[in-house]
Amino acid sequence: MADTIRDRVRKIIAEQAVLDVEDVKGEQTLEDLGIDSLGLVESIFAIEEEFDIQVPFNANEPEKSEFDISSVSAIIAAVEGLVKDQHG
């Protein structure tokens, strides 16, 4: 069975945080996981590549981005929405 978007996003975040996927919980923030701004940018690039999507994220002004990075669950939901919008 193919991994879900949720599983794939959690795996990318876990790789950035150098954690096991099981240790990445939906309510956690990237900061909770020890991911800094560079790790965030690398995660965004990995997500774009994994799902063949364009993430509306400005690394210089992350708080003004339409892409919600407030928690792992928010990132998963945002990716699901982008995949749906960009791939029908």
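The values are calculated or read from the model by the stated rules, or taken from the named source; none is laboratory data. This one's a predicted model, so the numbers in the text were calculated from it and none came from an experiment. Reconstructed Cβ throughout: ideal geometry from the backbone, glycine too, with neighbour counts over all protein chains shown. Note: areas computed on protein heavy atoms with side chains; ligands, DNA, RNA excluded. Shrake-Rupley method; radii C 1.70, N 1.55, O 1.52, S 1.80 Å.
How charged is the neighbourhood of Pro56? Take every other residue with its Cβ under 11 Å from the Cβ of Pro56, and add Lys/Arg as +1 and Asp/Glu as -1. Don't skip to the answer; put the middle values down first.
Working: positive: Lys64; negative: Glu48, Glu66, Asp68, Asp85.
Every neighbour counted, the sum reads -3.
Per-residue counts of other Cβ atoms within 10 Å, averaged by peptide: what ranking do you get for 5-16, 75-86, 55-66, highest first?
Working: 5-16: 19.1, 75-86: 17.0, 55-66: 11.8.
By packing density, highest mean first, the sequence is 5-16, 75-86, 55-66.
Give me the 1.4 Å probe accessible area per residue for region 5-87, excluding ligands and nucleic acids, in Å².
Working: 4980 Å² over 83 residues.
Using a 1.4 Å probe on heavy atoms only, each residue of region 5-87 averages 60 Å².
With +1 on each Lys and Arg Cβ and -1 on each Asp and Glu Cβ, how big is the dipole of the chain about its Cα centre, in debye rounded to the nearest 20? Please report the intermediate quantities before stating the final value.
Details: 7 positive and 21 negative charges, 41 e Å.
Dipole magnitude for the chain comes out near 200 debye.
Which of the lysines could a cross-linker span from Lys25 if the Cα-Cα distance has to be under 17 Å and same-chain partners fewer than 8 positions apart are dropped?
Partners found: Lys11.
Extending each Cα 7 Å along its Cβ direction at Ser73 and Glu49, get the distance between those two points in nm, one decimal.
Distance between the two pseudo-spin positions: 3.0 nm.
Please give me the summed charge of the neighbours of Gln16: other residues whose Cβ is under 12 Å from its Cβ, Lys and Arg +1, Asp and Glu -1. Walk me through the numbers before you get to the answer.
Numbers: positive: Arg10, Lys11; negative: Glu15, Asp36, Glu42.
Result for the neighbourhood of Gln16: -1.
Pull out the extension gain between Lys11 and Glu42, defined as 0.36 nm times the separation in residues minus the alpha carbon to alpha carbon distance; nm, one decimal.
On the way: separation 31, 0.36 × 31 = 11.16 nm, distance 1.32 nm.
So the extension gain works out to 9.8 nm.
Would you compute the Debye intensity of region 1-75 from its alpha-carbon atoms alone, equal scatterers and no solvent, and pass along log10 I(q)/I(0) at q = 0.25 Å⁻¹ to two decimals?
Summing over Cα pairs of region 1-75 leads to -1.32.
Would you calculate a helix-derived [θ] at 222 nm for the chain, using -39,500 (n - 2.57) for each DSSP H run of n ≥ 4 and dividing by the full residue count, to the nearest 500?
Details: 3 runs with 44 residues, N = 88.
Here the helix-only value at 222 nm equals -16500 deg cm²/dmol.
Using Cα-Cα distances under 8 Å and only pairs 6 or more residues apart, what relative contact order does the chain have, in percent? Intermediate values should be presented prior to the final figure.
Numbers: 81 pairs, mean separation 28.7, N = 88.
Contact order relative to length: 33 percent.
So how much slack lies between Ala59 and Val83, counting 0.36 nm per residue of separation and subtracting their Cα-Cα distance, in nm? Mind dumping the intermediate values first?
On the way: separation 24, 0.36 × 24 = 8.64 nm, distance 2.05 nm.
That pair, Ala59 and Val83, stretches by 6.6 nm at full extension.
Give the carbon-plus-sulfur fraction of the accessible surface of region 5-87 in %, rounded to a whole number; probe 1.4 Å, heavy atoms of protein chains only.
Values: 2250 of 4980 Å².
Solvent-exposed carbon and sulfur of region 5-87 make up 45 percent of the total.
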